[in-house]
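Quick notes on the structure that follows.
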Amino acid sequence: MADYDYDLFVIGAGSGGVRAARLTALGGKKVAVAEEYRVGGTCVIRGCVPKKFMVMASEVSHALEIAEGYGWSFDNAKFDWPTFLEAKDVEIARLSGIYAANLGKAGVELVHGRAVLKDAHTVEIIGKNQTFTAEKILIATGGRPWKPESLPGIEHAITSEEAFHLPQLPKRILIAGGGYIAVEFAGIFAGLGVETTLIYRGPNILRGFDDDVRAHLAGEIEKRGIKVVLGCQHEKIEKTATGLVNHLENGMKLETDVVMFATGRIPHVKDLGLEAAGVELNDEGAIKVDPYSKTTADNIWAIGDVTDRMNLTPVAIREAVAFHQTVYRDNPQHFDYEAVATAVFSQPPVGVVGLSESEARRSCSAGVDVYVTRFRPMKYAFTGSEERVLMKLVVDAQSQRVVGVHIVGPDSPEMIQLAAIAVKAGLTKAQWDATCAVHPTMAEELVTLKEKQSGATSAG
Ligand SMILES: Cc1cc2nc3c(=O)[nH]c(=O)nc-3n(C[C@H](O)[C@H](O)[C@H](O)COP(=O)(O)OP(=O)(O)OC[C@H]3O[C@@H](n4cnc5c(N)ncnc54)[C@H](O)[C@@H]3O)c2cc1C
């Protein structure tokens, strides 16, 4: 170590980088972390956290509708975007401050600026005339939004990054994309009273999710007033005196005030100096790593979204812990990507853990048993709402283990966290059924599902 400035130099103070830096410094090593923007990374600054605040702000309109069914009345209820933005930004600054303070308490040195690799042991901070050497380097630079730069007029479109700071709430928005970020922002804007259109080139939203979830959610968000246009993409975006005209391939012309592209994210590797350090990319442009997060360079590791394995905050954190255990605790560990629960904070939200029905049909040789229920939540009894909850269990026909749980409906992200324990533990359908219901709740349906969907057991 004597030859280097640090034992570990981390690039990127986001979910993964902060955890790895803190653990390693607390273990007695000399650690620095470089951050080019704000400490906390995507999750805290322009991802999960501000997004969830926006979801919570926008859900209030629906709560007011439900409340009216229960006899409440609200004269003059209105929403003020600048007030919300200010409150959100104060909280985000507070959280970022806590992250920075925790780094300091652990003894991590924070370097402000963009870090670039000069060789396998040297990092330069661009524009600051600073160079550091380290025995080991951890790349945790995350991802960034991607949009089709060759599309005429794309310069008029924003991404999720700008959506957190719109100077005013638009009257009309068009969101391009069908992934979770597109669907979540469509719900946010629609809930805030913005005329919202979602266009997606594929046959249905949420590619990769269970087909019943995709179909159910598409129907539910339309009930909440979102116009969903599928199988279609942009030809160009034209700026006019009155707004932005979206020319779509199917001949449709839609004028909106804001166009947002949520068409995917790419690993943040541009100009990082990877070649100079001997760090290779895989075919998808993510940093190539082994199961222990080691790159093709012997002393360099990479974790989180920059490796594009499973792009979620808790996963980046677990990869950081596994890196620390492997490299500094003589306890080789790799994260287990099976049965990781995930939520889509659409309105209504989605909670999912384990295999979709089609994935299970491919991997369960004796076929699958499928249990599905759709019902109106009790909460909506007085509203005349047509909204329905979907709950689906996918069971391996041979072992009778519940291998997938899929919920679309209020509080599903909270429910799925607990269901994930049972799926991760490999519990059988009979063990789920032996669990007594909590009544009256929505979640009780999960332990009272009796009717197999007809023709379900098959290797399909
Ligand atoms: C809109 C949105 C909503 C999301 N919602 C959820 C959610 O609800 N739940 C969930 O689990 N996940 C969610 N995610 C994903 C989650 O934010 C990421 O998976 C997570 O932040 C990845 O952590 P990371 O450490 O890999 O990278 P990041 O958190 O992205 O951190 C990388 C950091 O590196 C910095 N950096 C990059 N290059 C350099 C450089 N050369 N020098 C110095 N610093 C650099 C960046 O500024 C950034 O701060 C969301 C993402 C987005 C965009």
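The values are calculated or read from the model by the stated rules, or taken from the named source; none is laboratory data. The model shown is predicted, which means the values in this text are computed figures rather than measured ones. Virtual Cβ from ideal backbone geometry, glycine too; neighbours counted across all protein chains shown. Ligands, DNA and RNA are stripped out before the accessible areas are found, and what is left, the full protein with its side chains, is counted by its heavy atoms. Shrake-Rupley method; radii C 1.70, N 1.55, O 1.52, S 1.80 Å.
Against the condition more than 30 Å from Asp7 (Cβ to Cβ), within 16 Å of the ligand (Cβ to nearest atom), polar (S, T, N, Q) and open to solvent by 10 Å² or more (accessible area, probe 1.4 Å), how does Thr263 come out, does it pass? Taking the combined requirement at face value, the residue satisfies it. Of all the criteria given as (1) farther than 30 Å from Phe132 by Cβ; (2) touching a residue at least 24 places away in the same chain (Cβ under 8 Å); (3) assigned to a helix (DSSP H, G or I), the one not satisfied by Phe79 is (3).
Mind checking whether some residue in region 45-52 is part of a helix (DSSP H, G or I), under 18 Å from Ala93 (Cβ atoms), of a type in the set (A, V, I, L, M) and within 15 Å of the ligand (Cβ to nearest atom)? Within region 45-52, one or more residues are part of a helix (DSSP H, G or I), under 18 Å from Ala93 (Cβ atoms), of a type in the set (A, V, I, L, M) and within 15 Å of the ligand (Cβ to nearest atom). Taking first residues from region 112-132 that are assigned by TED's automatic domain parsing to the domain that holds Ala34 and farther than 20 Å from Gly142 by Cβ and partners that are within 12 Å of the ligand (Cβ to nearest atom) and among the acidic types (Asp, Glu), the Cβ contacts under 9 Å between residues at least 6 apart in sequence or on separate chains come to Lys118/Glu124; Gln130/Glu124; Thr131/Glu124; Phe132/Glu124. When the test is whether a residue is more than 9 Å from the ligand (Cβ to nearest atom), of a type outside the set (Asp, Glu), crowded, with 22+ Cβ neighbours inside 10 Å and under 24 Å from Arg207 (Cα atoms), Met252 does not pass it. Residue count for region 310-351 satisfying the condition of being within 17 Å of the chain's Cα centre (by Cα), open to solvent by 40 Å² or more (accessible area, probe 1.4 Å) and on the phi > 0 side of the Ramachandran plot: 0. Does region 122-131 include one or more residues that are more than 9 Å from the ligand (Cβ to nearest atom), open to solvent by 30 Å² or more (accessible area, probe 1.4 Å), outside any helix (DSSP H, G or I) and farther than 20 Å from Ile11 by Cβ? No. One residue stands out among those in region 283-309 that are among the hydrophobic types (A, V, I, L, M, F, W, C) and assigned to a loop (DSSP other than H, G, I, E, B): the one that is surrounded by the most Cβ atoms within 10 Å (Cβ to Cβ), which is Ile303.
In the condition set (1) modelled with pLDDT under 95; (2) outside the structural domain of Val279 (by TED's automatic domain parsing), Glu149 is compliant with all but (1).
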